[in-house]
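The values are calculated or read from the model by the stated rules, or taken from the named source; none is laboratory data. These numbers come from a predicted model, not from an experiment. Glycine gets a Cβ as well: all are built from the backbone with ideal geometry, and neighbour counts include every protein chain shown.
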Amino acid sequence: MKTDAKFVPGLAGVVAAETAISLLDTEKEKIVIKGHDLIALSKDKDYLDIVNLLLEDTLPDQTTKTKLEEKLKALYDVPTGLIAVFKSLPKATHPMDGLRTGISVLAGYDEQIDDRSLAVNKSRAYDLLAKLPTITVNSYRILNNQEPVQPQQELAYSANFLYMITGKVPTEQEAKIFDRSLLLYSEHEMPNSTFTARVIASTQSDLYGALTGAVASLKGNLHGGANEAVMYMLREVDSAASFEELLMKKLSRKEKVMGFGHRVYMNKMDPRALMMKESLKQLCEKNGDFLLLEMCEAGEKLMKREKGLYPNLDYYAAPVYWLLGIPIQLYTPIFFSARTVGLSAHVIEQHQHNRIFRPRVHYIGKPY
Ligand SMILES: CC(=O)SCCNC(=O)CCNC(=O)[C@H](O)C(C)(C)COP(=O)(O)OP(=O)(O)OC[C@H]1O[C@@H](n2cnc3c(N)ncnc32)[C@H](O)[C@@H]1OP(=O)(O)O
Ligand SMILES: O=C([O-])CC(=O)C(=O)O
């Protein structure tokens, strides 16, 4: 017996869900988030505006945004048991695996774990958003034999996140650039990690389980792990010319160059990458050192010429994070923390309009 359905490797172009959350409209060149263009929003809104938009359907006024920030701050504290778990992990654990474990452990502290109602799911999402920066940073710190750091209530949400990472209060420019990166990473329709989360949620499993699976998905370097891989690649060389040589070698060995290509924007630049390139320019100007920008631009030109490929967000987020003083192993965990809001919105939507995912196969095994 053969099923009639056509097999599409990688489910390219297959529609897997109806959603009111987001769409990559490649014709209009827009990343639509609840009816708004993410790139336009990135010019005058901040991460918490998008959090409100994704979880409450509206862009907040200043009072609502202040209340949202206060709500998150009140939920900053993480269970002390979590710190003990991080201390018990082998020191070679990657922070993404630390984060995956941390989110999984949080499930045990949820006294309403079996409740999938909209109200409880939403409050769970806010709780996770509040705790994720602390969990991300402290799992990294403990694995690197450093003392856990406490969030600073007097700093804004994203400025506090950056402060916990670097140990210094960021300048206004640094805080703005970091916040913009969180905003750009917040939601992106149906990438592998979101699909993973929705598949898990479709069994009526909980938000923690769905997010734990999504962390594992995002870790891979064909997805979120690419931002770390880009920085390791940039660190291998010290000039635009040697970066070009490195990329040519990779291409001659038929290796993929991290930070290039995208399932949806294959023949175009990811619009989010352009915004991060702007941020990279600003940081280079501030430092009076343009080496990273020159290297990235040389790589961008070369990949367009040799392969017709364009940068994705990870390509320009990596050098921006480097210049903000962020340890490379935190790049993908930060991506995940920022994406927690988008993932939560998808899990909530899946729970509200659920049918379990259960596709079929084309059998190509032994005759029977
Ligand atoms: C924020 C994000 O998560 S964005 C994604 C981050 N990931 C990366 O940057 C990893 C590098 N990029 C890639 O591996 C891919 O472009 C993906 C995973 C993003 C998209 O994958 P797919 O849509 O399946 O495209 P696929 O891998 O089939 O590529 C199509 C062709 O372009 C080539 N190609 C695609 N990306 C790259 C790349 N980065 N370097 C070199 N060649 C590439 C492929 O080798 C393939 O060539 P072929 O037809 O001659 O075999
Ligand atoms: O959309 C994708 O496939 C990957 C991506 O860019 C993201 O998750 O931000």
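Brief remarks on what is shown
- Filter pass, Thr212 being more than 12 Å from ligand 1 (Cβ to nearest atom) and not in a helix (DSSP H, G or I): no
- All positions within the stretch 209-252 that are under 18 Å from Trp322 (Cβ atoms), basic (Lys, Arg) and buried (at least 17 other Cβ atoms within 10 Å of the Cβ): none
- One residue from Glu255, Glu278 being out of contact with any strand residue (DSSP E or B) (no Cβ under 8 Å at 6 or more places or on another chain), of a type outside the set (A, V, I, L, M) and under 19 Å from Leu324 (Cβ atoms): Glu278
Okay, residues lined up against (1) among the β-branched types (Val, Ile, Thr); (2) in the same structural domain as Ser158 (by TED's automatic domain parsing); (3) closer than 18 Å to Ala156 by Cβ:
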position	(1), (2), (3)
Leu11	no, no, no
Ile21	yes, no, no
Ala40	no, yes, no
Lys45	no, yes, yes
Asp57	no, yes, no
Lys67	no, yes, yes
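- For the stretch 283-324, the tally of residues that are under 29 Å from Leu54 (Cα atoms) and either out of contact with any helix residue (DSSP H, G or I) (no Cβ under 7 Å at 6 or more places or on another chain) or assigned to a loop (DSSP other than H, G, I, E, B) (or both) stands at 3.
- Yes/no for Ser139 being over 14 Å from Ala338 (Cα atoms), surrounded by fewer than 21 Cβ atoms within 10 Å (Cβ to Cβ) and not β-branched (Val, Ile, Thr): no
- Some residue of the stretch 192-203 being under 21 Å from the mean Cα position of the chain (by Cα), assigned to a helix (DSSP H, G or I) and of a type in the set (Phe, Trp, Tyr): yes
- Qualifying residue in the stretch 96-111 (condition: more than 16 Å from Thr212 (Cα to Cα) and either of a type in the set (Val, Ile, Thr) or out of contact with any Gly (no Cβ under 8 Å at 6 or more places or on another chain) (or both)): yes
- Complete set of residues in the stretch 88-104 that are surrounded by 12 or more Cβ atoms within 10 Å (Cβ to Cβ) and either part of a helix (DSSP H, G or I) or over 20 Å from the mean Cα position of the chain (by Cα) (or both): Leu89, Pro95, Met96, Asp97, Gly98, Leu99, Arg100, Thr101, Gly102, Ile103, Ser104
- The stretch 250-278, subset free of Cβ contacts under 8 Å to residues at least 40 places away in the same chain and part of a loop (DSSP other than H, G, I, E, B), residue nearest to ligand 2 (Cβ to nearest atom): Lys256
- Test: residue in the stretch 258-272 that is at pLDDT below 95 and of a type in the set (S, T, N, Q): yes
- Filter result for Leu292 (outside the structural domain of Val51 (by TED's automatic domain parsing), in contact (Cβ under 8 Å) with a residue 60 or more places away in the chain and buried (at least 16 other Cβ atoms within 10 Å of the Cβ)): no
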